[in-house]
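These notes concern the structure reproduced below.
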Amino acid sequence: MKNASFQRNIKKTSPSVLLSLSVRFMLLLAFAMLSLSALFVSLLRFAVTQKQNRELESGISLISSAILNDRTDELDFLNLPYYITYTVYETETQNVLATNDSLLPLLDSDGKKLVYFEKNYFTDGDLHIRCLTRKIEKSGLFLTVECAVDIANDSASKMISALPSLLAIAFFPVLILSFALSFLISRSTIKAFNKLREDYDRERAFTSNVSHELKTPLSIIDGHANLLKRWGKNDPAQLDDSIEAILRETGNMNRIVTTLLEIARIENGKIKIEKNRFFLKDFFIGLRDEFKITYPELSFEIADENYLEIETDVQKLHQVFTVILANSIKFAGKNCTITLAARKSGDKIELSASDNGTGFSDAVLPHVFERFYKGDESHNRNEGGAGLGLSIARTLVLALGGSIEARNSPYGGAVLKILLPST
């Protein structure tokens, strides 16, 4: 009951937890994407600035070299990028000697790169340049060589300036995309958590059931051993009863442990499937003859009109049907009628075993393949068995690549249906 209540609470809180996780992931992803975008813009801006600085230094060097080498008439033919403007003027009088842009203001950056901005400098806009100046002396005349890059009209600079606006516009699409991704991640996380929790609860219940099943025979063995130790060994009748009880409970424990180990081997893929090709009708007849020896009151009906053939592990399938038939005898009685049937179902073969007993109760039906489940909460040992039979049958069927289901026949009785690959 406690576990069922926990599962109900998980289902109720899942939507709110999913929304909360989605929002958190969304903010985290959005922040990460915007941070990476800002870093990209910064790196791009740094790269463009370094390129402009190199071009300014190269331009200053070319112009200074031409002046110092008396090649002033070559200034107009220097190999300068079209977006580089320059001015050469006398440092003291600011008399312009040469320029390729008469609107370039006379600046002095003192040998450092300088960003200069003046609003409404032109009739149609602002002045925004990066400049570099260098002082040289030619024939006793002190000159200032100024080179500048028009940042406002530089394509790379324009692109960088536009990126923050583009990022602002892209913020909401990024947010939506982040939420969608976050929602998917969160949903997968919650599913994984719920699956982990279910596995944990199932294993905890399994451990509890194992402890319960082994504790009972141990208590009986311990009781009879103490009884024999005190006085039972001197009473022949009591001695026989105690030895019989100890052997019986030891056998029960051995069967439980052996079955659990077999289930573990199957689930861990440590069993080898050896496929054989055989006719199902012959297989059913063999089962009938085998059980009739021990239970002569049993009645069998075999339905396989097409005499179907299948390729699978006959030993594993025999083990599955042994469990199913033993279960029918246990609950429907030793004089029940069991019907074994086979038919083609698409690309699979459907095998079924049904009896004319009372069938499964509504409370039991959803749990028939659970380990240690016996139809009640007390695990009454008087009914016999440990509740592992149908569990191992299901595990074997899965190992054979098939599926198994339990239901009640509309005419009364239990039906176990198995679907197996035809080849």
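The values are calculated or read from the model by the stated rules, or taken from the named source; none is laboratory data. Since the structure is predicted, the reported quantities are computational estimates derived from the model, not experimental observations. Every residue, glycine among them, receives a Cβ derived from its backbone with ideal geometry; neighbour counts consider all protein chains shown. Accessible surface areas use protein heavy atoms only, side chains included; no ligands, DNA or RNA. Shrake-Rupley method; radii C 1.70, N 1.55, O 1.52, S 1.80 Å.
Below are the figures for this structure:
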read-out: Probe 1.4 Å - accessible area at residue 33, Å² to nearest ten; value: 70 Å²
read-out: Accessible area, probe 1.4 Å, largest first, for residues 23, 323; value: 23, 323
read-out: Segment residue 335-residue 305, extension gain: residue separation times 0.36 nm, minus the distance between their alpha carbons; value: 8.3 nm
read-out: Computed label-point distance, nm, for sites residue 238 and residue 110 using a 7 Å Cα→Cβ extension; value: 11.4 nm
read-out: Cβ crowding within 10 Å averaged over residues, with 221-230, 348-357 ranked highest first; value: 348-357, 221-230
read-out: Inter-label distance for residue 32 and residue 226, nm, one decimal - labels placed 7 Å from Cα along Cα-to-Cβ; value: 6.1 nm
read-out: For segment 45-89: rounded, prolate or oblate by the Cα gyration tensor [a/c cutoff 1.5]; value: prolate
read-out: Full-extension gain in nm, residue 367 to residue 97, via 0.36 nm per residue minus C-alpha separation; value: 87.2 nm
read-out: 311, 203, 249, ranked by accessible area, largest first (probe 1.4 Å); value: 203, 311, 249
read-out: 89, 411, reordered so the largest accessible area comes first (probe 1.4 Å); value: 411, 89
read-out: Under-5 Å amide H pairs with residue 107, H placed in peptide plane, nonlocal only; value: none
